[in-house]
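Down below is the structure, laid out as structure tokens.
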Amino acid sequence: MSTILVGADTSAAADLAVEDAARLARDRGAELLVLYVRPDSDLRSVVDPGRAADPAAYLGRIPGRFPDISTRTRVERGDPADRIVDVAEEERVETIVVGNRGVHGSRWRVRDSVPNIVLRHAPCSVFIVDTRRAQ
């Protein structure tokens with residue numbers, strides 16, 4: 001493994017996925033690429049700007065949090081699942097790490113969740129982190 005891509009949205013749940021991805025990168029001697037995807041319609045920034053995500057600050061802390069790992073960060077705009085898959089292809093990553101947070105309602109109705117879409121379309125292995133403990 002030379003590159004591990006992890007999707008992060010600055011939430012506590014996504015941060016658990018980042019921590020697991022960092023642990024995997026450390027164990028494998030791989031580079032960690034942390035990707036923040038800014039949705040085209042971020043209603044939080046319109047409705048309550050004080051609660052909007054601050055990806056620049058979050059991503060800026062990544063190298064300091066994991067000084068023993070080669071890290072890079074990247075910000076994209078668009079649909080999170082699509083961009084994660086596209087960046088994985090472009091960067092030729094070996095593993096994508098995503099959290100399972102965001103799945104609401106019945107556990108059988110997850111067909112269109114970000115982790116499920118990434119799993120179905122990824123060009124590489126996908127590691128899904130159980131992030132329920134952050135909720």
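The values are calculated or read from the model by the stated rules, or taken from the named source; none is laboratory data. What you are looking at is a predicted structure, and each value in this text was computed from that prediction instead of being measured. With ideal geometry, Cβ positions are generated from the backbone for all residues, glycine too; neighbour counts draw on all protein chains shown.
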Can you pull out the residues in the stretch 72-104 that are over 14 Å from the mean Cα position of the chain (by Cα) and not basic (Lys, Arg)?
-> Glu89, Glu90, Glu91, Glu94, Val103, His104
Matching residues in the stretch 64-100 - criterion: being crowded, with 19+ Cβ neighbours inside 10 Å and closer than 20 Å to Ser113 by Cβ = Pro80, Ala81, Arg83, Ile84, Val85, Ala88, Thr95, Ile96, Val97, Val98, Gly99
State whether the residues of the stretch 60-73 include one that is basic (Lys, Arg), at pLDDT 90 or above and farther than 25 Å from Arg132 by Cα.
-> yes
